[in-house]
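S.K.: Take this structure first; my questions come after.
The values are calculated or read from the model by the stated rules, or taken from the named source; none is laboratory data. Since this is a predicted model, take the numbers as computed values, not measurements. Cβ atoms come from the backbone with ideal geometry, glycine included; neighbour counts cover every protein chain shown. Note: accessible area is taken over every heavy atom of the protein model, side chains too, but ligands, DNA and RNA are not part of it. Shrake-Rupley method; radii C 1.70, N 1.55, O 1.52, S 1.80 Å.
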Amino acid sequence: QVQLVESGGGLVQAGGSLRLSCAASRTIHSINPMGWYRQAPGKQRELVATITSAGTTDYADSMKGRFTISRDNAENTVYLQMNSLQVEDTAVYYCYAHRFGIDYWGKGTLVTVSS
């Protein structure tokens with residue numbers, strides 16, 4: 001079992017930045033990959049970014065160059081640095097982990113970008 005707890009969401013103006021954190025309940029060395037998804041009102045959940053245990057990252061096209069995912073294995077935490085936020089980035093952001101064939105999700109943190 002892996003519990004994931006997100007934090008760092010909030011209200012920000014367009015062009016601003018936020019950093020999301022995802023704290024795992026256990027060591028993340030064996031969790032591969034971890035990542036972030038988001039779900040905007042009325043839309044399906046979509047990939048934001050993933051990171052493997054080796055540090056290989058992958059981003060959705062619309063996030064490339066603006067968002068950066070990282071992981072701190074010592075702190076069992078994954079981060080998402082979001083810069084140049086746009087109104088279209090408004091969504092609930094979910095932390096994701098895949099371990100031994102099972103997917104785990106956090107409860108999400110709301111990011112609201114105002115114009």
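S.K.: Conditions: (1) in contact (Cβ under 8 Å) with a residue 12 or more places away in the chain; (2) closer than 19 Å to VAL113 by Cβ. VAL5 meets all but one. Number of the miss?
M.R.: Condition (2) is where VAL5 drops out.
S.K.: Out of VAL113, VAL87, I need the residue that is of a type outside the set (S, T, N, Q), under 21 Å from ALA14 (Cα atoms) and open to solvent by less than 60 Å² (accessible area, probe 1.4 Å). Which one?
M.R.: Result: VAL113 is the single residue among VAL113, VAL87 that is of a type outside the set (S, T, N, Q), under 21 Å from ALA14 (Cα atoms) and open to solvent by less than 60 Å² (accessible area, probe 1.4 Å).
S.K.: Tell me, which residue of the range 73-83 that is open to solvent by 50 Å² or more (accessible area, probe 1.4 Å) and in contact with a strand residue (DSSP E or B) (Cβ under 9 Å, 6 or more places away or on another chain) is farthest from LEU20 (Cα to Cα)?
M.R.: Ranking the candidates gives GLU75 first.
S.K.: Mind checking whether some residue in the range 52-64 is open to solvent by 50 Å² or more (accessible area, probe 1.4 Å), modelled with pLDDT under 95 and within 21 Å of GLY16 (Cβ to Cβ)?
M.R.: yes
S.K.: Restricting the search to the range 37-51, which residues are assigned to a strand (DSSP E or B) and open to solvent by less than 40 Å² (accessible area, probe 1.4 Å)?
M.R.: Residues satisfying the conditions are ARG38, VAL48, ALA49, THR50, ILE51.
S.K.: Can you tell which of SER7, SER30 is at pLDDT below 95 and open to solvent by 40 Å² or more (accessible area, probe 1.4 Å)?
M.R.: SER30
S.K.: Is one or more of the residues making up the range 92-109 polar (S, T, N, Q), crowded, with 19+ Cβ neighbours inside 10 Å, under 18 Å from GLY42 (Cα atoms) and at pLDDT 95 or above?
M.R.: yes
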